[in-house]
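Heads up: the structure comes next, in structure tokens.
The values are calculated or read from the model by the stated rules, or taken from the named source; none is laboratory data. Values in this document were obtained by computation on a predicted structure and should not be read as measured data. All Cβ positions, glycine included, derive from the backbone under ideal geometry; neighbour counts span all protein chains shown. In case anyone asks, the SASA skips ligands and DNA or RNA and just uses the protein heavy atoms, side chains included. Shrake-Rupley method; radii C 1.70, N 1.55, O 1.52, S 1.80 Å.
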Amino acid sequence: AAQWLAACQGSAPAQEPQRIRAIVFAEQEPQLPAPETAARRAGAGLNVVTVTDLSQAYDLGAATADAEIDAGADLLIPGGVESARVPAVVMATMTQTEPVVIVGKQPSVEDWKREVSAIRDAMFRARNLEGMELVASCQSAVLAAAVGLITRAAERRTPLLIDAPLTATAALLAERDNPGVKEWLFATTLSTAPAHELALRKLGLQPLHQLAMEPEPTLGALAALPMLLTGVETATDA
């Protein structure tokens, strides 16, 4: 982690980030007690951005990255409140993965069957689509905004921590349209969702932790942040 951050900063040893910002996109103001606690404990800021217009979501994500970086942010943690079905459909479509493989753990067999059926239908609607057209077919302004933020942050040489199926999927979409984005990404945790592991594998990223936790926006990265900062300090002392 310290080596990656040093590479992003262009100097060694890495310097500890001075303004860490977690950005959560949501269609309405969410309750985020766990991420708020983790952000406070890690000394990071948490910003919730409401996004409802799919046609403007990508630009909103990019503008949010610009605003945070202009204000001094030197490490960003993107997140989003969205159905687990969205990254599952996008990843299954992009990689031609069967719905029965991409569906994660469900409360019951009947729930699993319904989710497989819903994802199969969504993949049929998304057939032959790529990039942001694929995102639009899922009607996910949250995912579009995350793609915009990740793309713009990478363009502005600002490192990002990725910790959930939604953001890993957004990162892969950003990389497909803008090769080199993945160099600015560090995977902190791996959730239980098959789409998460698939996206990280396609990006060539190894998660720092495999906590098998249920995804919650930015929580995995904020929980891993103390270890990353410990690595930076240890490398500096050495």
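Can you tell me which residues in region 21-34 are open to solvent by 10 Å² or more (accessible area, probe 1.4 Å), touching a Ser or Thr at 6+ places or on another chain (Cβ under 7 Å) and not acidic (Asp, Glu)? Scanning region 21-34 gives a single hit, GLN28. Being open to solvent by 40 Å² or more (accessible area, probe 1.4 Å), among the polar types (S, T, N, Q) and farther than 19 Å from LEU225 by Cβ holds for only one residue in GLN18, GLN106, and it is GLN106. Restricting ARG127, ARG120 to residues that are among the charged types (D, E, K, R), over 16 Å from ARG152 (Cβ atoms), in contact with a Pro (Cβ under 8 Å, 6 or more places away or on another chain) and open to solvent by 70 Å² or more (accessible area, probe 1.4 Å) narrows the list to ARG120.
Listed residues ASP121, ASP111; which is within 20 Å of LEU54 (Cβ to Cβ) and free of Cβ contacts under 8 Å to residues at least 12 places away in the same chain?
Just one listed residue meets the conditions, ASP121.
Among ALA238, ALA146, ALA223, ALA154, which is the only one that is over 18 Å from VAL86 (Cβ atoms) and in contact with a Pro (Cβ under 9 Å, 6 or more places away or on another chain)?
ALA238
Can you tell me which residues in region 160-184 are of a type outside the set (Gly, Ala, Ser), in contact (Cβ under 8 Å) with a residue 40 or more places away in the chain and under 21 Å from ASP74 (Cα atoms)? Result: LEU160, LEU161, ILE162, ASP163, THR167, GLU183, TRP184. From the list ALA92, ALA34, the lone residue that is of a type in the set (Gly, Ala, Ser), touching an Asp or Glu at 6+ places or on another chain (Cβ under 8 Å) and more than 20 Å from ALA221 (Cβ to Cβ) is ALA92.
Here is the figure for region 72-84: residues that are under 15 Å from the mean Cα position of the chain (by Cα) and not in a strand (DSSP E or B) total 4. Scanning region 31-56 for residues that are touching a strand residue (DSSP E or B) at 6+ places or on another chain (Cβ under 8 Å) and touching a residue at least 60 places away in the same chain (Cβ under 8 Å), we see that the one that is farthest from ALA71 (Cα to Cα) is LEU32. State yes or no: is GLU155 of a type in the set (Asp, Glu), closer than 19 Å to ALA73 by Cβ and free of Cβ contacts under 8 Å to residues at least 60 places away in the same chain? So GLU155 passes the test.
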